[in-house]
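Student: Once you've had a glance at the structure underneath, I'll fire off some questions.
The values are calculated or read from the model by the stated rules, or taken from the named source; none is laboratory data. Predicted, not measured: the structure shown is a model, and the values here were computed from it. Neighbour counts are summed over all protein chains in view; Cβ atoms, including those assigned to glycine, are modelled from backbone coordinates with ideal geometry.
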Amino acid sequence: MKHGQDSIRTFEALFREYYPRLYYYALDWVEEEEAAKDIVSELFGDIWSQYDRWRPDNRRAYLTRAVRNRCLNYLKHKAVERDTLGKYLDEKRTLVGTDLQEQEELMKRVRGIMDGLPERTRFVVEQCYLEGRKYSELAEQLDTTPGMIHKHISKALAIFREALEVKRIKKGTDKPLGES
C-alpha cells in the first residue's frame, strides 16, 4: 500500500505525539515493558496499514480505547496461559509423585528380593550389576568360570521375574512391568 508524503508526515506526527503516553498507559495495565511496547507498536502498525481509511472522530479517545482493549486481551491471554500452566504443573506433580511412590515401592521390593537370594548369587549380582564388574573378572576372583557367573545371574533374574510377576498379577494388571 502506497502512502503519499503528506500521509507519512501526518502519521509520523501522530506517532510522535501519542506513542509515549500510550506506552505508559499500556505499561500501567500490563506491567511489562516489552509487552507494552509491542501492544502500542502493533496498534500503530495496524493503523498504518489502513491509514488512508483511518478517520476516527476523536484520535486520542480512539487510541486510548484501542490500547486498553489490546491490554485487556493480552491480560486475558496471560491468564489462560497461567491457568493452563497451572493445570499442567498440577498434573505433572501428581504423575511425578505417583512415579516416585511406585519407584520407591519397587526399590523396596527389589531390596527384599535381593536379601532373599542365596548368598553367593546375591554377591554375584551385586558385583556385576551394582559394581559393574565383568563376568570374567569376577570368575577369576571366585575361582570359577564365567559360565558359572552367568548361571548365578540367570538364577537371580528368574527369581526377580517370578517375584515381580506375582506382584503384578496381584495388582490386577496383565501388562509387563515398565509398560503403561
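Student: Quick one: L63 ticks every box in (1) in the same structural domain as I153 (by TED's automatic domain parsing); (2) closer than 30 Å to E34 by Cβ except a single one, so which number is it?
Tutor: It fails just one condition, (1).
Student: Still on this structure: Within segment 17-29, is even one residue of a type in the set (S, T, Y), in contact (Cβ under 8 Å) with a residue 40 or more places away in the chain and farther than 17 Å from L72 by Cα? Let's see the steps before the verdict.
Tutor: In the first step, residues of segment 17-29 are kept if they are of a type in the set (S, T, Y); the result is 18-19, 23-25.
If we keep only those that are in contact (Cβ under 8 Å) with a residue 40 or more places away in the chain as well, we get 18, 25.
Now drop any that are not farther than 17 Å from L72 by Cα, which leaves 18.
Yes, segment 17-29 contains at least one residue that is of a type in the set (S, T, Y), in contact (Cβ under 8 Å) with a residue 40 or more places away in the chain and farther than 17 Å from L72 by Cα.
Student: Restricting to segment 83-135, name every residue that is modelled with pLDDT of 80 or more and β-branched (V, I, T).
Tutor: T84, V110, I113, T121, V124, V125
Student: Given the structure, is W48 touching a helix residue (DSSP H, G or I) at 6+ places or on another chain (Cβ under 7 Å) and not in a helix (DSSP H, G or I)?
Tutor: On the way: touching a helix residue (DSSP H, G or I) at 6+ places or on another chain (Cβ under 7 Å): yes; not in a helix (DSSP H, G or I): no.
No, not satisfied.
Student: Separate question: Only residues that are exposed (fewer than 14 other Cβ atoms within 10 Å of the Cβ), in a helix (DSSP H, G or I) and of a type outside the set (V, I, T): list them for segment 8-41, please. Before you say what the answer is, go through the steps one by one.
Tutor: Quick first cut of segment 8-41, residues exposed (fewer than 14 other Cβ atoms within 10 Å of the Cβ) only: 8-10, 12-13, 16-17, 20, 24, 28, 31, 33-34.
Checking which are in a helix (DSSP H, G or I) leaves us with 8-10, 12-13, 16-17, 20, 24, 28, 33-34.
Those that are exposed (fewer than 14 other Cβ atoms within 10 Å of the Cβ), in a helix (DSSP H, G or I) and of a type outside the set (V, I, T): R9, E12, A13, R16, E17, P20, Y24, D28, E33, E34.
Student: Next question. Can you find a residue in segment 80-99 that is surrounded by 10 or more Cβ atoms within 10 Å (Cβ to Cβ), in a helix (DSSP H, G or I) and either in contact (Cβ under 8 Å) with a residue 40 or more places away in the chain or more than 18 Å from the chain's Cα centre (by Cα) (or both)?
Tutor: No, every residue in segment 80-99 fails to be surrounded by 10 or more Cβ atoms within 10 Å (Cβ to Cβ), in a helix (DSSP H, G or I) and either in contact (Cβ under 8 Å) with a residue 40 or more places away in the chain or more than 18 Å from the chain's Cα centre (by Cα) (or both).
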